[in-house]
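Read through the structure below, which is laid out as structure tokens, and then see the notes.
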Amino acid sequence: MISTVKLTIQKHNMLHAGDCVCAALSGGADSVALLLVLYELSSELNFSLSAVHVNHLLRGDESDRDEQFCRDLCGRLGVPLQIFREDAAAFSHSLGESVETGARELRYRIFDSLDADKIATAHNLNDNAETLLFRLARGTGLHGLSGIPSVRGKIIRPLIECTRDGIEAYLAEKNQTFVTDSTNLSDDYARNKIRHHVIPEMQAVHGAFPACVTRMTAGFAEDEDFLTAEAEKCEKESLFTLHPAIRKRVIINQLKSHNLKVSTEKIEEIQSALLLHNSRVSLGNGFFAAFDKGVMRVYREQQEDVPDAVIADFDTEYPFNGDRIVKISVQSGEILPETDIVNKNSTIYYADYDTIQGDIVLRNRLRNDVIKTVNSACTKELRKILQQKLPPEKRKISAVLQDENGIIWAEHAGTADRVKPDENTENYLIIEIIYTDIKY
């Protein structure tokens, strides 16, 4: 088994010399074998080893027994151990999830918080087969058929090519005990039903069923990686022109890039809206998908109220609709009288301050706003200027500065021609707009 794990680590480039590796230790057979194998390999592969145990406080004395077992094992090996005691039932309730799902989410949140280069979990060949069957029962796509990844971020799975029988044989050879979670013995959980009944039947058909599943899922994972990478090249293309497999992955990539939930139902809803030429689809959490000539964009509709008109003071930052800041100031001297892009999230404009009459007011655009921009031949409706530059969902909120004589400056349109700086300008009004959410 040591040679199998070592080969797995090398094949998937899981570890590097000098890494700090933390093994997730429940006290069960798989995690105990993981700890022992890594302990044996740590000197040879030159990495430091620690462990983490999460007591979910679900099984009373039995949970405390598991925790103490892990303390004793790590103490005997001289492996540093971190203990987390967390109420998984309460946490799951707060998420509206089952205890099984909530406890898993809790564990991985803890793992993400650890100061370690790699977190090793004890998933094995049987776990991969169980996961595949579980996803098949619920319905899944190619990504779900790809099984448990060998590496995901800093999560590594050195036992992923070991069978459960091989793990138990290794522990027996080492004369190493382990604890048994009593909940794993019942059929109350779907995965236990698969483990106790479906896997044995599949192995009766083909004894190497778990290993065959892993070979199959590895192939599916390669196909999924290729299709996803191809979809990343097509995000600016019309979805109408794309093969359905690529189109679906463009949608998935867009959802994931905004940390939105991906589901078959939502993907089908988006595709239906596209074919029916609907303007947008709600994605939850204030996000929407919109289409422009078949190109999909994800944006967030701000929940804050549109700001009332305010008299703008100099050198004051005014938050505008939650995703941008507007600031004005006055400066004397020579300044290049043209738009200056400071960086991709900050734009500066200039006006002749001495031509401005009365207070400067910051407000959202109005439907009847008009502006004659710098060097423009005529006055135009602001809404028509925005129609040429922005998709529909971004036209609703647009910052405007005005004085007694009308608009001085409008976001996405620029400075009004009547306040344009020239060679006689002595005092410049500097208008700065900073976008604080570049995904919007």
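Readers should treat all values here as calculations from the given coordinates under stated rules, not as data from a laboratory. No experiment lies behind these values; they were computed from the predicted model shown. Glycine also receives a Cβ, built like all others from the backbone with ideal geometry; neighbour counts cover every protein chain displayed.
What FRET efficiency comes out for the pair Asn285/Asp187, r = Cβ-Cβ distance, R0 = 35 Å, nearest 0.05?
0.45
Give the cross-link partners of Lys396 among the aspartates and glutamates, using a straight C-alpha distance below 14 Å as the criterion and excluding same-chain residues fewer than 8 apart.
Glu301, Glu304, Asp305, Asp323, Asp369, Glu411
Quick check on the chain: take the gyration tensor over C-alpha atoms, sort the square-rooted eigenvalues as a ≥ b ≥ c, and tell me if it's rounded (a/c under 1.5), prolate or oblate.
Prolate shape, in that a/c is at least 1.5 and a/b is the bigger ratio.
Show which lysines lie in cross-link reach of Lys372 when reach means a straight Cα distance below 20 angstrom and same-chain residues fewer than eight apart are skipped.
Lys380, Lys384, Lys389, Lys420
Please report the spacing between the Cα centers of the stretch 192-239 and the stretch 1-68 in Å, no decimals.
25 Å
Distance cut-off 26 Å, Cα to Cα: go down the list Lys11/Lys193; Lys118/Lys193; Lys233/Lys293; Lys11/Lys233; Lys261/Lys394; Lys118/Lys236 and report the pairs above it.
Pairs exceeding the cut-off: Lys11/Lys193; Lys118/Lys193; Lys11/Lys233; Lys118/Lys236.
Using just the alpha carbons, could you tell me how many Å³ per residue the convex hull of the stretch 61-171 encloses?
For the stretch 61-171, the hull spanned by Cα atoms encloses 147 Å³ per residue.
Between Met216 and Gln331, what length in nm is gained on full extension when 0.36 nm per residue of separation is reduced by their alpha carbon distance?
So the extension gain works out to 34.6 nm.
Counting other Cβ atoms within 10 Å of each Cβ, which trypsin sites (Lys or Arg not before Pro) in the stretch 10-98 have at most 16 and sit in a DSSP loop?
Arg59
If a/c stays under 1.5 just call it rounded; otherwise compare a/b with b/c (prolate if a/b is bigger, oblate if not). Do that for the stretch 2-221, with a ≥ b ≥ c from the square roots of the Cα gyration tensor eigenvalues.
Judged from the Cα gyration tensor, the stretch 2-221 comes out rounded (a/c under 1.5).
If Lys and Arg each add +1 and Asp and Glu each add -1, what is the summed charge of the other residues whose beta carbon sits under 15 Å from the beta carbon of Glu67?
It works out to a net charge of -3.
Checking the cross-link filter: which aspartates and glutamates have an alpha carbon closer than 20 Å to that of Lys248, excluding same-chain neighbours under 8 positions apart?
Lys248 reaches Glu222, Asp223, Glu224, Asp225, Glu230, Glu232, Glu235, Glu237, Glu265, Glu268, Glu269, Asp292.
Give me the net charge of His16's neighbourhood, meaning all other residues with Cβ under 11 Å from the Cβ of His16; Lys, Arg count +1, Asp, Glu -1.
Surrounding charge for His16 is -1.
In which sequence would Phe314, Phe320 go, from the one with the fewest C-beta neighbours within 10 Å to the one with the most?
If I rank by nearby Cβ atoms, fewest first, I get Phe314, Phe320.
Say a paramagnetic label sat at a point 7 Å from the Cα of Tyr318, along Cα to Cβ; which residues of the stretch 385-404 have their backbone N under 16 Å from it?
Counting only backbone N, you get 397-404.
How far apart, in nm, are two points set 7 Å out from the Cα along the Cα-to-Cβ line at Ala17 and at Thr140?
3.8 nm
Rank these for me by crowding, Leu239, Leu136, going from fewest to most other beta carbons within 10 Å.
The order, fewest Cβ neighbours first, is Leu136, Leu239.
Peptides 288-299, 14-25: what's the order by average Cβ count within 10 Å, highest mean first?
14-25, 288-299
Any idea how far apart Asp115 and Ser43 come out in nm if each label point goes 7 Å out from Cα toward Cβ?
2.7 nm
Report the label-to-label distance for Arg383 and Asp359 in nanometres (one decimal), using points 7 Å from each Cα along the Cα→Cβ vector.
2.7 nm
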